[in-house]
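Written out below as structure tokens is the structure these notes cover.
The values are calculated or read from the model by the stated rules, or taken from the named source; none is laboratory data. The structure presented is a predicted model; accordingly, all values stated were derived computationally and were not measured. Please note: Cβ atoms are built from the backbone with ideal geometry, for glycine as well, and neighbour counts cover all protein chains shown. Just so you know, the surface numbers come from the protein's heavy atoms only, side chains and all, with ligands and any DNA or RNA stripped out. Shrake-Rupley method; radii C 1.70, N 1.55, O 1.52, S 1.80 Å.
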Amino acid sequence: QVQLVESGGGLVQPGGSLRLSCAASGSRVSIYRMGWYRQAPGKQRELVAAIGSAGTTVYADSVKGRFTISRDNAKNTVYLQMNSLKPEDTAVYYCGTGLLSFTSWGQGTQVTVSS
């Protein structure tokens, strides 16, 4: 079982930036897909961005052009750079990983965008 530890959430004003990090344990993580989901109060969990082992990325339409996902396989870490944040980006962000589908999850980190 892969263990994931997220960091980097917090409170930011609209238009600001945050970078989330997710460190994964396990020797085979470098071949897994990694990504970020988010869940706002009263809403379903939704995919934000994902990245394959070779670097192929996918983004939700709502974050394209504002968020960038990247990974460092040497560190078993995935990052989410979030720019031009909006109040509607407020949610708990979860890191996930798995060979095909996401089967391991982090504990979540709160991101709040508010003035």
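For the reader, a short list of remarks on this structure follows.
- Subset of the range 55-71 that is of a type in the set (Val, Ile, Thr) and under 14 Å from the mean Cα position of the chain (by Cα) - its residue that is farthest from residue 2 (Cα to Cα): 63
- Selection within the range 2-16 - under 21 Å from residue 62 (Cα atoms) and open to solvent by 60 Å² or more (accessible area, probe 1.4 Å): 11, 13, 14
- Candidates are the residues of the range 72-92 that are of a type outside the set (A, V, I, L, M) and within 15 Å of residue 51 (Cβ to Cβ); the one that is nearest to the chain's Cα centre (by Cα) is 79.
- Residue 15 vs. criteria at positive phi and not hydrophobic (A, V, I, L, M, F, W, C): yes
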